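The values are calculated or read from the model by the stated rules, or taken from the named source; none is laboratory data. Please read these numbers as outputs of a predicted model, since none were measured by experiment. Heads up, the Cβs are rebuilt from the backbone with ideal geometry, glycines too, and the neighbour counts pull from every protein chain shown.
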Amino acid sequence: MTVARVRLCGAVAIILFAFSGVLAGAFELMSPDVKSDGVMPEKFTFNGFDCHGQNVSPALSWSNPPEGTKSFALMVHDPDAPTGGAGIWHWVVVNIPAPVHSIEEGAGTADGAKLPTGSRQITNDYAGITNSPGWGGPCPPKGHGSHHYNFTIYALKVEKLDLPANATSSQAGFFVNFNALDKAKLTMTYGR
C-alpha cells in the first residue's frame, strides 16, 4: 500500500471515529403516553384538592445513554408552580440500575413495587398531603395557564447515590447533577 493510501485510510478512520457518537444517536427520553411538548392526559394528574385525575405516573423509556453510565436518576419538576421560584418536584427516583431503560406506567406508587429493583423514590413536594414518596401528578391552580412538566433522566457515573433517609428532592438534585454524565428531557404541559 502506498503512503498516500495509508494516509487516506487513516484520515477516513479518524472521521468515522469522530462521527461514531453522532451516528449512535443522542441520549433521548420518550413516553408512549404523550409526545414532547404535548398535553399530559388527565389520568396522570393528581386526585386531590379540586383535581380529579387518577394520579398514575406515565410510562417512560430512554435510549443511547453515554458510555460509562452506572445508574440513572429521574426527576420531574414543574418550574411554573407559584412557589416563589422553587417550583414543585412531582417525582424523584434515584439508583435506577444501568441495564434498565424504561419505567412502566403506574410505577410511581408509594411502595415503588413496580420500579426497577434497587431504585429508590425520594419524597416529593406532596409529602404533607400524601405522606409518602412516589408520583404526585399535576394539579396547577385554575386559570394559571399551562404549566410545563420537565421529565429529566440523568445518566450517572456512580452505581448508587447514598442519600440520607430523609433526603429532599433538592438534596437529591444536587447529587444527581454532581454525578451526571448526561441528561435527556421530555416536557409535557397541563393547565386548568
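Screening Ser61 with (1) at pLDDT 95 or above; (2) in a loop (DSSP other than H, G, I, E, B); (3) among the small types (Gly, Ala, Ser) gives one miss only, at (2). Cβ separations smaller than 9 Å between residues 6+ apart or across chains give the following pairs from the stretch 18-32 residues that are exposed (fewer than 10 other Cβ atoms within 10 Å of the Cβ) to residues that are among the hydroxyl-bearing types (Ser, Thr, Tyr) and at pLDDT 50 or above: Gly25/Ser63. Taking the listed residues Ala180, Ala165, Ala155, Ala184, the one that is among the aliphatic types (A, V, I, L, M) and out of contact with any Phe, Trp or Tyr (no Cβ under 8 Å at 6 or more places or on another chain) is Ala165, with no other qualifying.
Would a scan of the stretch 165-176 turn up a residue that is outside any helix (DSSP H, G or I), more than 27 Å from Pro82 (Cβ to Cβ) and touching a Leu at 6+ places or on another chain (Cβ under 6 Å)? No, the stretch 165-176 contains no residue that is outside any helix (DSSP H, G or I), more than 27 Å from Pro82 (Cβ to Cβ) and touching a Leu at 6+ places or on another chain (Cβ under 6 Å). Return the residue satisfying two criteria in turn: it lies in the stretch 37-50 and is surrounded by fewer than 17 Cβ atoms within 10 Å (Cβ to Cβ) and not in a loop (DSSP other than H, G, I, E, B), and of such residues it is nearest to the chain's Cα centre (by Cα). For the stretch 37-50, the residue satisfying everything is Val39.
For the stretch 116-130, check the following and say yes or no: at least one residue is hydroxyl-bearing (Ser, Thr, Tyr), part of a strand (DSSP E or B), buried (at least 16 other Cβ atoms within 10 Å of the Cβ) and touching a residue at least 40 places away in the same chain (Cβ under 8 Å). Among the residues of the stretch 116-130, not one is hydroxyl-bearing (Ser, Thr, Tyr), part of a strand (DSSP E or B), buried (at least 16 other Cβ atoms within 10 Å of the Cβ) and touching a residue at least 40 places away in the same chain (Cβ under 8 Å), which makes the answer no.
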